[in-house]
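Notes for the one structure printed next.
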Amino acid sequence: MIELNLENKKGKIKINSNDVKNVLELRPDFEYIQDISETISQKNIMVYDCQLSREIFNMEDIDEIKEEIGKDIDESYFDILFEDVRAYLKDATDEIEEEIQDKYLLDNVRCYFDVYNIDETFTDFKFVFLVSFKDIKIASLTNLSKLIGKRQLTGASKFYS
């Protein structure tokens, strides 16, 4: 857990990464959330290792489609499914960003995610979720999320299987 001392419209506030984790845990679409904020040296950024709930993208639907059209599915189908997952997480990220801004009365909150692992059955999506409480370019958040995702993929994640 880390704690930030910030100033909002009403004065000085303290925000700890457990409080933000609680916001994430209220979402039924995030199955697991682990605070890994202490593992980075970036100031005013919190990071979480997350897993998307298995109910969000149901493989039974995909299995039914496989049976209907035959065993040979073009790989582009999985590219489309991956883009659906990314779009879903982007919408969730926007909602969380707005919720955190409203909760802490801060305008400079930026959230970003990076999917770093998908199992072969397309039922297990692991991603890092970043929450920045400072002015930062989206390119910087993108690069940071990719670096953290690569680190999690190499075994640092408790969810990695």
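Packing-based ranking of 39-46, 84-91 yields 39-46, 84-91, ordered from highest to lowest mean Cβ neighbour count within 10 Å. Using alpha carbons only, how many angstrom separate the centre of the range 99-161 from the centre of the range 1-61? Between the Cα centre of the range 99-161 and that of the range 1-61, the gap is 9 Å. When the pairs 9/150; 43/90; 14/137; 12/150 are compared against a 32 Å limit on Cα-Cα distance, 9/150; 12/150 fall above it. Can you pull the Kirkwood radius for the range 1-53, inverse mean 1/r over Cα pairs, to one decimal in Å? Evaluated on the range 1-53, it is 12.0 Å. The residues 129, 82, 113, when put in order of fewest to most other Cβ atoms within 10 Å, stand as 82, 113, 129.
Only the coordinates and a few stated rules stand behind these numbers; no lab work does. Note that the coordinates shown come from a computational prediction; the quantities given were computed from them, not determined experimentally. Reconstructed Cβ throughout: ideal geometry from the backbone, glycine too, with neighbour counts over all protein chains shown.
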